[in-house]
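Right, one structure below, let's go through it.
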Amino acid sequence: MILITGGAGYIGSHCVIEFLKNNLDVVVFDNFSKGHSKIIDKIKSKYDINFFKGDLRNKNDIDLIFRKYDIEAVVHFAGFSEVSASTVQPKMFYENNVLGTLNLLNSMVENKVLNIIFSSSAAVYGEAKYVPMDENHQLMPKNPYGKTKLIIENILDDYEIAYNLKSVKLRYFNVIGANYKENIGEWHDIETHLVPNILKSSLIDDYVFNIFGDDYETKDGTCIRDYVDVQDLVHAHYLAYKYLIKSNKSDIFNLGSGKEYSVKDVYNCVCKVLGYKIPFKINARRKGDPAILIADSSKARKVLNWSNETSLIESISNAYEWEKILKTF
Ligand code: UDP
């Protein structure tokens, strides 16, 4: 049995489907603070999963899971992820992400569950000193969100030394796309991400998409990012799980496509999917946005045998199909 924390959220729910499709039994743990019960209902209507509503900040909630189920490994997504919110509400982030994870890890160790796949982030790197960025790039997170991820990575290293807890840390770049055929996709109550925000223009009257800054030192003045498809990304989690069980070795992997797209490239690609040009406004730079972030994911390709085949246009088409479904929820 695999425990997936945060399995009602965007990436977590895609991971639930990925593991189920690989014939693994799954128990999902989520407090629905960011995830959605409707997503769990959709998954349950088709698959056999165990679901437990609980909060990692209450250690008893998670202790119950380890007492009830024979857990082989944990895939840990539960946590807050909005960068700007983390700068104004760091308390919430440290409590939810760090304290919540500590409760989880302590419960794991007490119950002798010693394998974890951790959802980390490229936010641990901070400003790019060079691109593409490999796993040895300096770690200097620029915001509390990135700091919580780095603190947890460090805790995992210490828990390995002291308690033999093995971990695979996966550092994501910009995750996009959806598995709309399974009725799941990106669903944040306050949406800040690029692709869903551009798509909103086509689905919500009077919504105007803003480009945050066109005066960066890039080919067209807008920020450059590495967009990785969510279905490719969760496949890497399955490969990481197999790697961990087989090798019993801790490791760290970047997960990105290695391809660079500017905000304007993404905008143009969305227009291509829609078949028409949508209006946009140029706004000021968003605070804390680095000009360019590109992943070197060659280690994941080599060691995990991971490949990411989904093109930008395919990911965006899937996200569009999902946005239409989401409107009917
Ligand atoms: N962005 C934008 N308009 C939006 C949302 C995002 O111009 O409505 C830009 C943002 O400034 C960044 C890029 O798109 O350069 C990716 O932002 P996103 O929030 O999707 O991911 P991040 O890189 O912040 O993790």
**OP:** Look at region 194-225 and say how many of its residues are farther than 25 Å from TYR130 by Cβ and within 12 Å of the ligand (Cβ to nearest atom).
**Re:** 12
Subject >> Residues of region 293-307 satisfying the condition of being out of contact with any His (no Cβ under 8 Å at 6 or more places or on another chain) and either hydroxyl-bearing (Ser, Thr, Tyr) or crowded, with 19+ Cβ neighbours inside 10 Å (or both) >> reply: LEU293, ILE294, ALA295, ASP296, SER297, SER298, ALA300, LEU304, SER307
**OP:** Mind listing whichever residues of region 288-302 are assigned to a loop (DSSP other than H, G, I, E, B), at pLDDT 95 or above and more than 18 Å from SER315 (Cβ to Cβ)?
**Re:** ASP296
Subject >> Conditions (1) closer than 25 Å to PHE118 by Cβ; (2) more than 19 Å from the chain's Cα centre (by Cα); (3) within 12 Å of the ligand (Cβ to nearest atom); number of the one not met by VAL228 >> reply: (2)
Subject >> region 258-287, subset within 9 Å of the ligand (Cβ to nearest atom) and part of a loop (DSSP other than H, G, I, E, B), residue modelled with the highest pLDDT >> reply: ARG285
Original post:
Could we say that PHE80 is part of a loop (DSSP other than H, G, I, E, B) and within 16 Å of the ligand (Cβ to nearest atom) here?
Top reply: yes
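For the structure I just gave you, tell me whether ASN248 is more than 16 Å from the ligand (Cβ to nearest atom), surrounded by fewer than 21 Cβ atoms within 10 Å (Cβ to Cβ) and at pLDDT 95 or above.
Yes: the conditions hold for ASN248.
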**OP:** May I ask you to verify whether ALA123 is of a type in the set (A, V, I, L, M, F, W, C) and buried (at least 18 other Cβ atoms within 10 Å of the Cβ)?
**Re:** yes
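Residues of region 243-270 being polar (S, T, N, Q) and under 12 Å from ILE224 (Cα atoms), which ones?
Hit for region 243-270 is SER262, nothing else.
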**OP:** Spot the failing condition for ASP157; the list is (1) of a type in the set (Asp, Glu); (2) more than 22 Å from ILE40 (Cβ to Cβ); (3) surrounded by 18 or more Cβ atoms within 10 Å (Cβ to Cβ), and only one is missed.
**Re:** (3)
Original post:
Which of (1) within 20 Å of TYR172 (Cβ to Cβ); (2) outside any strand (DSSP E or B); (3) in contact with a helix residue (DSSP H, G or I) (Cβ under 7 Å, 6 or more places away or on another chain) is the odd one out, the single condition VAL28 does not satisfy?
Top reply: (2)
**OP:** With the checklist (1) within 12 Å of the ligand (Cβ to nearest atom); (2) modelled with pLDDT of 95 or more; (3) farther than 22 Å from ILE17 by Cα in hand, flag the one item GLU191 doesn't pass.
**Re:** (2)
Original post:
All but one of (1) modelled with pLDDT under 95; (2) not in a helix (DSSP H, G or I) hold for ASP55; which doesn't?
Top reply: (1)
Subject >> When residues of region 311-329 are limited to those that are aromatic (Phe, Trp, Tyr) and closer than 20 Å to TYR276 by Cα, the one surrounded by the fewest Cβ atoms within 10 Å (Cβ to Cβ) >> reply: TYR320
**OP:** Output yes when any residue across region 117-133 is within 16 Å of the chain's Cα centre (by Cα) and away from the ligand (no atom under 16 Å from the Cβ), and no when none is.
**Re:** yes
**OP:** Considering only region 88-190, give the helices (runs of 4 or more DSSP H) lying wholly within it that have at least 3 residues that are over 30 Å from ILE325 (Cβ atoms) and without any contact (Cβ under 8 Å) to a residue 24 or more places away in the chain.
**Re:** 144-163
**OP:** Hey, could you check region 172-187 for residues that are touching a Phe, Trp or Tyr at 6+ places or on another chain (Cβ under 7 Å) and within 14 Å of the ligand (Cβ to nearest atom) and say which is nearest to ILE313 (Cα to Cα)?
**Re:** ILE176
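The values are calculated or read from the model by the stated rules, or taken from the named source; none is laboratory data. Computed from a prediction, not measured in an experiment: that's the story for all the values here. All Cβ positions, glycine included, derive from the backbone under ideal geometry; neighbour counts span all protein chains shown.
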